[in-house]
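Notes follow once the structure below has been shown.
The values are calculated or read from the model by the stated rules, or taken from the named source; none is laboratory data. Fair warning: this is a prediction, and the values are worked out from it, not measured in the lab. Reconstructed Cβ throughout: ideal geometry from the backbone, glycine too, with neighbour counts over all protein chains shown. Side chains are part of the model used for accessible areas, which takes the heavy atoms of the whole protein and leaves out ligands, DNA and RNA. Shrake-Rupley method; radii C 1.70, N 1.55, O 1.52, S 1.80 Å.
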Amino acid sequence: MHVAEVETTALDLAAIKAKQHATWSSGDYAAVGTTLQIVGENLAEALDLRPDARVLDVAAGNGNATLAAARRHCNVVSTDYVPSLLRAGSARAEAENADVDFREADAENLPFDAGSFDVVMSTFGVMFTADQDAAAQEMLRVCRRGGKIGLANWTPESFIGDVFRTIGRHVPPQAGVRSPLEWGTEARLKELFGDGAARIEITKRNFVFRVRSPKYWVEHWREVYGPVHKAFGAVGKRAPELAADLIAVAREHSVDPNAMIVPAEYAEAVIYRS
């Protein structure tokens, strides 16, 4: 690869990162994030967190995994590159009188020394990074040898997978960018972490969305969930078509015809650092 090609790739990644930052800074992700708390609790149990363990939450959002670790008396550092999400997580920690260190940080360039943490976690966060390989290598770098990395990632076959594919039909994703849903597959996790992992254990779980109706869900996520919020902004006059398609996806996945009760599959991964 020529130098010019390398520079172009770097510039493209920078542009993608800037766009993603704008997406996750829009809306009010905390309104969605708080409903996912059980995922952080399940991940903390899967990691068998112990008191006084040094724990890093990467792309922490408003702090679900952060709080789960703090409740288990760990020494927690919570990071995200969206300041408003860190403020939301800090308010939650303060309400619980939890001692957590909140820091603005990029998952692809973590400001910590190698081997600083016993456990590194991320729930539906690091999977959305622009440079997947860089983010995985950073998680490996800051996790001590013999430590653990815990992830919760939506799978390609999941309800959320269908949501992103539906959005993609209306607002095509950036060409050449790998899907975040690949983080929900064993094959991709082995590619990302294999050289630094003694073993990888994956458990498929469901988070169940429980909402009044598909229509209510679309209206709510249109306001608060960054990717959906931005998609509606991008389609303009075609917004009713996008809304109808998302409602149809929710109806298809719902196990209750009178409400929106949707099991959404995700992959819970525990990676043992070699």
(message) For the stretch 264-274, give me each residue that is under 17 Å from F164 (Cβ atoms) and open to solvent by 40 Å² or more (accessible area, probe 1.4 Å).
(response) E265
(message) If I ask for residues that are open to solvent by less than 10 Å² (accessible area, probe 1.4 Å) and closer than 9 Å to H170 by Cβ, which ones from the stretch 222-234 would you list?
(response) A231
(request) Working only within the stretch 65-100, note down all residues that are within 23 Å of F128 (Cβ to Cβ) and in a strand (DSSP E or B). (result) V76, V77, S78, T79, D80, V100
(request) Select from the stretch 54-64 the residues that are in a loop (DSSP other than H, G, I, E, B) and surrounded by fewer than 24 Cβ atoms within 10 Å (Cβ to Cβ) and list them in ascending order. (result) none
(message) For the stretch 65-95: of the residues being out of contact with any Gly (no Cβ under 8 Å at 6 or more places or on another chain) and of a type in the set (K, R), which is most open to solvent (accessible area, probe 1.4 Å)?
(response) R87
(message) Cβ contacts < 7 Å: first residue in contact (Cβ under 8 Å) with a residue 60 or more places away in the chain, restricted to the stretch 63-84; second residue part of a loop (DSSP other than H, G, I, E, B) and crowded, with 19+ Cβ neighbours inside 10 Å, any location; separation 6+ or different chain. Result?
(response) Y81/A105
(request) Could you please tell me which pairs satisfy a Cβ distance under 6 Å, a separation of 6+ or placement on different chains, a first residue in the stretch 231-251 that is within 20 Å of G27 (Cα to Cα), and a second residue that is open to solvent by 60 Å² or more (accessible area, probe 1.4 Å) and at pLDDT 95 or above? (result) F232/R222; I247/K215
(message) If a residue must be assigned to a loop (DSSP other than H, G, I, E, B) and among the charged types (D, E, K, R), how many such residues does the stretch 8-53 contain?
(response) 4
(request) Return the residue satisfying two criteria in turn: it lies in the stretch 1-27 and is among the polar types (S, T, N, Q) and open to solvent by 50 Å² or more (accessible area, probe 1.4 Å), and of such residues it is modelled with the highest pLDDT. (result) S25
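Does the stretch 193-214 hold any residues that are under 28 Å from R273 (Cβ atoms), touching a Leu at 6+ places or on another chain (Cβ under 9 Å) and assigned to a helix (DSSP H, G or I), and which are they?
F193, D195, G196
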(request) Pull up the stretch 145-174, narrow it to residues that are within 21 Å of A107 (Cα to Cα) and under 17 Å from the mean Cα position of the chain (by Cα), then point me to the one that is surrounded by the most Cβ atoms within 10 Å (Cβ to Cβ). (result) L151
(request) Filter the stretch 31-48 down to the residues that are open to solvent by 20 Å² or more (accessible area, probe 1.4 Å) and not β-branched (V, I, T), then identify the one that is nearest to V211 (Cα to Cα). (result) A31
(request) Return the residue satisfying two criteria in turn: it lies in the stretch 248-261 and is β-branched (V, I, T) and within 23 Å of the chain's Cα centre (by Cα), and of such residues it is least open to solvent (accessible area, probe 1.4 Å). (result) V249
(request) For G115, work out the one condition from (1) open to solvent by 50 Å² or more (accessible area, probe 1.4 Å); (2) at positive phi it doesn't fulfil. (result) (1)
(message) Quick test of your reading of the structure: V177 fulfils all but one of (1) touching a residue at least 60 places away in the same chain (Cβ under 8 Å); (2) part of a helix (DSSP H, G or I); (3) open to solvent by 30 Å² or more (accessible area, probe 1.4 Å). Name the failing condition by number.
(response) (2)
